[in-house]
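Encoded as structure tokens, the structure appears first; notes follow it.
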């Protein structure tokens, strides 16, 4: 499970206060929901901050987006070298 090295204060958790929110009722498979709850527990253990489901999911999605963009950037750089 990946958790940012620093508490997420300007991205995930507080992003909802800055950005417009979209409200949807969604269902998760049990293993995905377990991952979300474990992420919240790990975050609390590391930073002493309780996250709502929304905040935790926002952080997870932002981390995923950053990883995807980083991998795309690395791929673009390696492709341009050939």
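The values are calculated or read from the model by the stated rules, or taken from the named source; none is laboratory data. Here the structure is a predicted model, which is why all the values come from computation and not from measurement. A quick note on method: Cβ atoms are made from the backbone with ideal geometry, for glycine too, and the neighbour counts reach across all protein chains shown.
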Unmet criterion (only one of (1) surrounded by fewer than 12 Cβ atoms within 10 Å (Cβ to Cβ); (2) modelled with pLDDT of 75 or more; (3) assigned to a helix (DSSP H, G or I)) for residue 77: (2)
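Please count how many residues of region 1-55 are outside any helix (DSSP H, G or I), modelled with pLDDT under 95 and either surrounded by 13 or more Cβ atoms within 10 Å (Cβ to Cβ) or under 15 Å from the mean Cα position of the chain (by Cα) (or both). If you could, list the steps in order and put the result at the bottom.
Residues of region 1-55 that are outside any helix (DSSP H, G or I), as a first pass: 1-11, 19-29, 48-52.
Among the residues that remain, those that are also modelled with pLDDT under 95 are: 1-11, 19-26, 28.
Remaining after also requiring either surrounded by 13 or more Cβ atoms within 10 Å (Cβ to Cβ) or under 15 Å from the mean Cα position of the chain (by Cα) (or both): 1-11.
Of the residues in region 1-55, 11 are outside any helix (DSSP H, G or I), modelled with pLDDT under 95 and either surrounded by 13 or more Cβ atoms within 10 Å (Cβ to Cβ) or under 15 Å from the mean Cα position of the chain (by Cα) (or both).
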Tabulated pairs, region 25-44, first in contact (Cβ under 8 Å) with a residue 60 or more places away in the chain, second surrounded by 12 or more Cβ atoms within 10 Å (Cβ to Cβ) and part of a helix (DSSP H, G or I), C-beta under 6 angstrom, 6+ apart or interchain: none
